[in-house]
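Let me begin by presenting the structure, written as structure tokens, before commenting on it.
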Amino acid sequence: MLKLSKTPNLTELAYLSVKQQLLNGSFREGSKLTEEYLAGQLGISKSPVREALMRLESEGLICIEARRGAYVRKFSEKEVRDLYAVRELLEVHAVGIAKITPELLASMAESIERTRTHLQSGDKLRHIEEDIHFHGLIAAATQNAEFSKLFDNIQQKSLLCRMATFYLSAIMAPISHQHIYVALSDRNRERAQQAMREHIVFVRDSLLKSLETEREIMDLADQKAVLDPQH
């Protein structure tokens, strides 16, 4: 990490720096995040780091527990199901009420092209940022400020899940987005809602399958350790 210059808004800078590292995979799931280490790496005091960690906890990216401290969040299967159930409800609803304008459709088409570009170049972080942007365009088109706030909160909480599903489902993102775009272009909201639902469910199931495979691998490792304690 680059040391940060001592500017008035050190909390914001600490927040952005740690968040970027969470999203680019520098900190693995379950990794402990100590105020001392982060403050030393950033060249600032622990106070703004502490505030930054609290903000990241509110967004669901990390967990902070008494005695254990702060650590990178690891989603359980139930948490994934719950999160994506809320995403499905919100995003299918958004497609159903979004105001369809030439500007919205043009922005969606441009986003899909950028998604393809980032996918081809293997730019994981930009691909995920663009995915969030695409879904945000539809949410903003509902013209409901309270809905947008709720939607943004869920978007933040799903960031780590999106990172985990990049190699599992990223190739399908531009295809799914294209289906949603075409349906809205045709003013077929029912088809657009179905396309959105299938998109969310596909990503959810990909992540759940990954978690299941990871659990099976860990179970096999535990069994091997019991049968062969010397290794």
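A compact table of results
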read-out	value
Answer from 138, 97 - the residue that is closer than 20 Å to residue 188 by Cβ, exposed (fewer than 14 other Cβ atoms within 10 Å of the Cβ) and not hydroxyl-bearing (Ser, Thr, Tyr)	97
Index of the failed condition, residue 8 passing every other in (1) farther than 29 Å from residue 151 by Cβ; (2) outside any loop (DSSP other than H, G, I, E, B); (3) at pLDDT below 90	(2)
Some residue of the range 175-198 being in contact with a Phe, Trp or Tyr (Cβ under 8 Å, 6 or more places away or on another chain), surrounded by fewer than 17 Cβ atoms within 10 Å (Cβ to Cβ) and closer than 15 Å to residue 84 by Cβ	no
Among residues of the range 54-90, those that are charged (D, E, K, R) and either under 15 Å from residue 35 (Cβ atoms) or not in a helix (DSSP H, G or I) (or both), counted	8
Matching residues, the range 71-108, being within 19 Å of the chain's Cα centre (by Cα) and small (Gly, Ala, Ser)	76, 85, 94
Matching option when the condition is part of a helix (DSSP H, G or I), under 22 Å from the mean Cα position of the chain (by Cα) and not hydrophobic (A, V, I, L, M, F, W, C), among 36, 29, 51	51
Identity of the residue in the range 32-48, among the small types (Gly, Ala, Ser) and surrounded by 14 or more Cβ atoms within 10 Å (Cβ to Cβ), that ends up farthest from residue 62 (Cα to Cα)	40
Those helices (runs of 4 or more DSSP H) lying entirely in the range 91-192 with at least 1 residues at pLDDT below 95 and farther than 21 Å from residue 207 by Cα	102-121, 145-157
Any hit, the range 75-83, residues being among the basic types (Lys, Arg), over 21 Å from residue 205 (Cα atoms) and out of contact with any Phe, Trp or Tyr (no Cβ under 6 Å at 6 or more places or on another chain)	no
Subset of the range 51-75 [in contact (Cβ under 8 Å) with a residue 12 or more places away in the chain and either touching a helix residue (DSSP H, G or I) at 6+ places or on another chain (Cβ under 6 Å) or under 19 Å from residue 165 (Cα atoms) (or both)]	51, 52, 55, 59, 60, 61, 62, 70, 72, 73, 74, 75
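The values are calculated or read from the model by the stated rules, or taken from the named source; none is laboratory data. The model shown is predicted, which means the values in this text are computed figures rather than measured ones. Backbone-built Cβ (ideal geometry, glycine too); neighbour counts: all protein chains shown.
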